[in-house]
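Each reported figure results from applying straightforward, stated rules to the coordinates on display, with no laboratory input. Note that the coordinates shown come from a computational prediction; the quantities given were computed from them, not determined experimentally. Cβ sites come from the backbone with ideal geometry, for glycine too, and all protein chains shown count toward neighbours.
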Amino acid sequence: MKTDRRDARKLAEDLRAGSLTPVHLSTREEETFRDVVRARASAVEDRRRMKSALLRWDIHRPEGMLAWRPRYRQWIRTLQPTPLLRAAVWIEWLGQLEELDARIQRLDTAIQQAMPTHPLYPLMLAFQALRGIDWITAATIVAEVGDLSQFSRPTALMAFTGLVPSESSTGDTQWRGHITKTGNVHLRRVFVVVPDLCPVAAASLRKRESPRHVAIR
């Protein structure tokens, strides 16, 4: 029979044997920082739905046009999707675009102001010395992971993100499938996007490089 007394005794025995795994509890400041970063990610996701809708409607942006730049914004305002109900949805989304942009800008300012006071700010600077990682990506990684020293090995970090393959093995039979996707979805999205940014990040990296970043690398 399961009782509180037996549970307490079992925990005490495991603690004495050293078989318990310590966990990191976020402080109130760390939780607040993570809430702001996730609020920004939510606003960006709302804006990304507009791009996804265009792809579903088989509307493709002109070659060489970068998303959300002035030319792109001018182009999407000239679109007139059909049928009429779809056009009504698009008009509503365009009306929300300015509010989303303003929300993202406000949250960007809040995150940038909070970063220097974060206890892991040096880690954020270190991440930015890597190609493909800018300030918001570094802030997201630190907000979601915290201190990397809590992971004893790289595979533990990958399991935390859900980027490890699923497995169903027995005896001599081994089977591995798609990634589990059971970890932190915000962190997993960042780790998937960053490799795509690496080929175009060299110029941006040189602009923000400082002697401190060079020393870290």
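Do the sum for the chain: with -39,500 (n - 2.57) for every DSSP H run of n ≥ 4, divided by all residues, what is the mean residue ellipticity at 222 nm, to the nearest 500 deg cm²/dmol? Can you show the working numbers first?
Values: 10 runs with 134 residues, N = 217.
The per-residue figure over the chain is -19500 deg cm²/dmol.
Segment 49-100 and segment 124-185 have Cα centres separated by 33 Å. Across segment 86-91, rounded Karplus estimates of 3J(HN,Hα) from the backbone phi angles (6.51 cos²θ - 1.76 cosθ + 1.60, θ = phi - 60°) give 5, 5, 5, 5, 5, 4 Hz, Gly and Pro being marked x. Inter-label distance, ALA67 to LEU94: 2.0 nm, where each label sits 7 Å from its Cα along the C-beta direction.
Counting only Cα atoms, the size of the chain along its three principal axes is 69, 47, 39 Å, in decreasing order. Using the Karplus relation 6.51 cos²θ - 1.76 cosθ + 1.60 with θ = phi - 60°, the per-residue 3J(HN,Hα) values for segment 141-157 come to 4, 5, 5, 8, 9, x, 6, 5, 5, 6, 9, 6, 8, x, 5, 5, 5 Hz, with x marking Gly and Pro. Amide hydrogen proximity for SER166: with H placed 1.01 Å from N in the peptide plane, the residues at 5 or more positions away or on another chain lying under 5 Å are GLY177, HIS178, ILE179, THR180. Residues of segment 126-148 falling in the label zone of VAL44, defined by backbone nitrogen less than 20 Å from a point 7 Å along Cα to beta-carbon, are 126-147. Any chance you could give the angle, 0 to 90 degrees and rounded to 10, that helix 28-56 forms with the longest Cα principal axis of the chain? With rounding to tens, the tilt is 40 degrees. By the count of other C-beta atoms within 10 Å, a proxy for reagent exposure, VAL145, VAL193 are ordered fewest to most as VAL193, VAL145.
Judged by the mean number of other Cβ atoms found within 10 Å, the most tightly packed of the peptides 123-129, 150-156, 85-91 leads the ranking 123-129, 85-91, 150-156.
Counting other Cβ atoms within 10 Å as a rough exposure proxy, the listed residues LYS51, LYS2 run LYS2, LYS51 from fewest neighbours to most. About its Cα centre, segment 26-115 has a charge dipole of approximately 340 debye under the convention of +1 per Lys or Arg Cβ and -1 per Asp or Glu Cβ, with nothing else charged.
By the count of neighbouring beta-carbon atoms within 10 Å, fewest first, TRP75, TRP135 end up ordered TRP75, TRP135.
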